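The values are calculated or read from the model by the stated rules, or taken from the named source; none is laboratory data. Note that the structure is a prediction, hence the values are computed from the model and not measured. FYI the Cβ positions are ideal-geometry reconstructions off the backbone, even for glycines, and counts take in every protein chain you see. With ligands, DNA and RNA removed, areas are computed over all heavy atoms of the protein, side chains included. Shrake-Rupley method; radii C 1.70, N 1.55, O 1.52, S 1.80 Å.
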Amino acid sequence: STQAEPLVLSRRSDSGKVQILTLNRPKALNALSTPLFDVLNVELEKADADPEVRAIVLTGGDKVFAAGADIKEMKDKTFSEAYSTNFLGSWAKLATIKKPIVGAVAGYALGGGCELALMTDILVASEKATFGQPEITLGIIPGGGGTQRLVKTIGKARAMDLTLTNRKITGKEAYDWGLAARLVPADQSVTEEAVKIAEGIAGFGALAAQAGKEAVNAAGELPLSEGLRFERRLFQALFATADQKEGMAAFAEKRKPTWKHE
Ligand code: CAA
C-alpha cells in the first residue's frame, strides 16, 4: 500500500489504562522531524485528556529508540528560520504532560533521542541500548534540553563528557549513572517492562500519581525551601481527596482500596 504509516503508533494496553506511543519512522531510524513531533504532541495531549488513561509509555523500535533530530531537515536551515519558528520549541510540550510517562529505550538513543528519553518520568533501558549526544560531530550542541537535563540527572562531569567528546554509553552505564531507573536484559522487551511499570502506576489513584510527578519535577525548578513548601502544600491538599480517605480506610480495614480518582 502507498498509504503513509503514522509517524507515531498509538495503542491502548489490554487493561485500557495505559496509552502506548511508539515512534515509527524506522527507515530514518526514528529521526525526530518536526512532523513527527507534531504527531507525538497530539497523541500525548489526547492521552493526557482521556480519563481512562492513567499512564503513558513512550517507546521506539527494537534496534533504535531515536537517532536524534532530523539532520536532513536541519541541514539547510538558516538562523532566521530556526529563530523565527522557535525550532525545537515544540519539544517542550512533553514536559507539560500531567500523567506519568514511562520511557523505554532499546538500541540507539542519540542526540535528540537521548534528550527525549531524558524527558520521560521513569526510564527503562535495555542492556543493549546506546545513549549519546553526538551533536558536536555535526557542528552544533544539544538543543532539546540535553545540556541542562543531563547535568541535573548525571552531574556536570559526565554531562560534559557526553556533550564534548561524543562518548557513547551503554544501557548498563545509563542505569549505573542514574539516567535510567530500570535495566532490562538484552533478550527482554523494554516496552513490555515499561507497560508493566505503567500498569502498576495505573493501579493507584490518579491524583496521587499526578501530584507525585508534579512534586518531584518541582525539585528541578525550585530552591529547596520552596520545594519543601510546595511538597507539603500538595501533600496537605491530597487530604481533600476521596482517594486519601479510601486509601487509608482500606489500610485500616485490611482490604484493597477502590480508587475513585477524585
Ligand atoms: N536524521 C536524519 N536521518 C537519519 C538520522 C538523523 N538523525 N539518523 C539516521 N538517519 C538515516 C540515515 O541518513 C539513513 O538514511 P538513508 O537510508 O536514506 O541513507 C538511515 O537513517 C539509516 O541510517 P544509517 O545508514 O546511518 O544506519 P547505521 O546503522 O549505519 O548507523 C547511527 C546508525 C550510528 C545511529 C547513524 O545513523 C547516526 O550516526 N545517525 C545520526 C546520529 C546523530 O548525529 N544524532 C544527533 C542529531 S542532532 C540532534 O539531535 C540535535 C538535538 O539536540 C535535538
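Scan Glu193, Glu214, Glu221 and give me the residue that is open to solvent by less than 70 Å² (accessible area, probe 1.4 Å) and within 20 Å of the chain's Cα centre (by Cα). First the steps, then the outcome.
Working: Glu214 fails: open to solvent by less than 70 Å² (accessible area, probe 1.4 Å); Glu221 fails: open to solvent by less than 70 Å² (accessible area, probe 1.4 Å).
Just a single option satisfies the conditions, and that option is Glu193.
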Determine if the stretch 191-214 includes at least one residue that is in a loop (DSSP other than H, G, I, E, B), out of contact with any His (no Cβ under 7 Å at 6 or more places or on another chain), closer than 30 Å to Lys128 by Cβ and among the hydroxyl-bearing types (Ser, Thr, Tyr).
-> no
Which condition breaks for Pro257 when tested against (1) surrounded by 15 or more Cβ atoms within 10 Å (Cβ to Cβ); (2) in a helix (DSSP H, G or I)?
-> (2)
Out of (1) open to solvent by less than 20 Å² (accessible area, probe 1.4 Å); (2) closer than 29 Å to Ala208 by Cα; (3) more than 12 Å from the ligand (Cβ to nearest atom), what's the single condition that is false for Glu115?
-> (3)
Starting from the stretch 234-262, take each residue that is of a type in the set (Lys, Arg) and list its partners that are modelled with pLDDT of 95 or more, counting only C-beta distances under 7 angstrom and pairs at least six apart or across chains.
-> Lys256/Ala250; Lys260/Ala242; Lys260/Asp243; Lys260/Glu246
For the stretch 49-91, name all the residues that are within 20 Å of the chain's Cα centre (by Cα), over 22 Å from Ser126 (Cα atoms), surrounded by fewer than 17 Cβ atoms within 10 Å (Cβ to Cβ) and away from the ligand (no atom under 12 Å from the Cβ).
-> Ala49, Asp50, Pro51, Glu52
Among the residues of the stretch 11-27, is any in contact (Cβ under 8 Å) with a residue 40 or more places away in the chain, part of a helix (DSSP H, G or I) and within 16 Å of the ligand (Cβ to nearest atom)?
-> no
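Output the residues belonging to the stretch 144-168 that are farther than 26 Å from Lys213 by Cβ and not in a helix (DSSP H, G or I).
Step one: filter the stretch 144-168 for residues farther than 26 Å from Lys213 by Cβ, giving 157, 160-161, 163-168.
Asn166, Arg167, Lys168, listed by residue number.
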Mind checking which residues of the stretch 140-153 are open to solvent by less than 50 Å² (accessible area, probe 1.4 Å) and within 16 Å of the chain's Cα centre (by Cα)?
-> Gly144, Gly145, Gly146, Leu150
Residue ID - nearest to the ligand (Cβ to nearest atom), chosen from residues in the stretch 154-167 that are touching a residue at least 24 places away in the same chain (Cβ under 8 Å) and buried (at least 18 other Cβ atoms within 10 Å of the Cβ) | Thr163
Give the residue that is farthest from Phe204 (Cα to Cα), with candidates limited to residues of the stretch 118-143 that are more than 12 Å from the ligand (Cβ to nearest atom) and not in a loop (DSSP other than H, G, I, E, B).
-> Ser126
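Mind listing whichever residues of the stretch 92-117 are small (Gly, Ala, Ser), in contact with a helix residue (DSSP H, G or I) (Cβ under 7 Å, 6 or more places away or on another chain) and part of a helix (DSSP H, G or I)? Quick ask: steps written out before the conclusion?
Applying the first criterion (small (Gly, Ala, Ser)) to the stretch 92-117 yields 92, 95, 103-104, 106-107, 109, 111-113, 117.
The next check asks that each one be in contact with a helix residue (DSSP H, G or I) (Cβ under 7 Å, 6 or more places away or on another chain); those that pass are 95, 103-104, 106, 109, 111.
Scanning the stretch 92-117 gives a single hit, Ala95.
What tally of residues in the stretch 124-139 results from selecting those that are open to solvent by 10 Å² or more (accessible area, probe 1.4 Å) and in contact (Cβ under 8 Å) with a residue 12 or more places away in the chain? Please lay out each step first, then the result.
Step one: filter the stretch 124-139 for residues open to solvent by 10 Å² or more (accessible area, probe 1.4 Å), giving 127-128, 130, 134-139.
Narrowing further to those that are in contact (Cβ under 8 Å) with a residue 12 or more places away in the chain: 127-128, 130, 134-138.
Summing the residues that are open to solvent by 10 Å² or more (accessible area, probe 1.4 Å) and in contact (Cβ under 8 Å) with a residue 12 or more places away in the chain in the stretch 124-139 gives 8.
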May I ask you to list pairs of residues, at least six apart or on different chains, whose Cβ atoms are under 8 Å apart, with the first in the stretch 66-91 being among the polar types (S, T, N, Q) and the second being open to solvent by 40 Å² or more (accessible area, probe 1.4 Å) and more than 7 Å from the ligand (Cβ to nearest atom)?
-> Ser90/Thr34; Ser90/Asp38
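Residue-wise test of (1) closer than 14 Å to Ile56 by Cβ; (2) surrounded by 14 or more Cβ atoms within 10 Å (Cβ to Cβ).
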| position | (1), (2) |
| --- | --- |
| Ala4 | no, no |
| Val8 | yes, yes |
| Arg11 | yes, no |
| Gly16 | yes, no |
| Thr22 | yes, yes |
| Leu32 | no, yes |
| Leu36 | no, yes |
| Leu40 | yes, yes |
